[in-house]
Amino acid sequence: MAISVKVEQTPNPNALKFTANKTIFEGTKSYSYKKGDTPDHPLAAALIQIEGVDNVFGYQDFITVNKTFEADWDTVLPQIEKVFENEN
């Protein structure tokens, strides 16, 4: 079943916040991964593999995705949305 997310702008033009309709990360710990990391969390692992994604930060029901300066949201955002759609 897909995860439904609300996409929000952040003060950083290279970052978007995705708030989910359910808990993504259990507990009170935050998670941060950068390009080249191999996260245990399947959603974070899928997001960090997207071309143009620089890093991801997650906590409970949201993930903030930072793109590289050169990447274009018009290219990156549909790939991010696809990851959420395919998530169980």
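Look at segment 75-88: where a residue is touching a residue at least 24 places away in the same chain (Cβ under 8 Å) and a partner is of a type in the set (D, E, K, R), sitting 6+ places away or on another chain with Cβ atoms under 7 Å, you get V76/K67. State whether the residues of segment 47-69 include one that is at pLDDT below 95, farther than 19 Å from T10 by Cβ and not aliphatic (A, V, I, L, M). Checked segment 47-69: no residue is at pLDDT below 95, farther than 19 Å from T10 by Cβ and not aliphatic (A, V, I, L, M). Within this structure, G58 fails the test of being of a type outside the set (S, T, Y), more than 10 Å from the chain's Cα centre (by Cα) and crowded, with 17+ Cβ neighbours inside 10 Å. For the subset of segment 1-42 comprising residues that are at pLDDT 95 or above and aliphatic (A, V, I, L, M), which member is farthest from V56 (Cα to Cα)? Top of the filtered list is V7.
The single residue among Q79, Q49, Q9 that is out of contact with any strand residue (DSSP E or B) (no Cβ under 9 Å at 6 or more places or on another chain) and of a type outside the set (F, W, Y) turns out to be Q49. Of the residues in segment 5-19, at least one is surrounded by fewer than 13 Cβ atoms within 10 Å (Cβ to Cβ), in contact (Cβ under 8 Å) with a residue 40 or more places away in the chain and part of a loop (DSSP other than H, G, I, E, B).
The values are calculated or read from the model by the stated rules, or taken from the named source; none is laboratory data. Computed from a prediction, not measured in an experiment: that's the story for all the values here. When we count neighbours, we look across all protein chains shown, and the Cβ atoms used for this are built from the backbone with ideal geometry, even at glycine.
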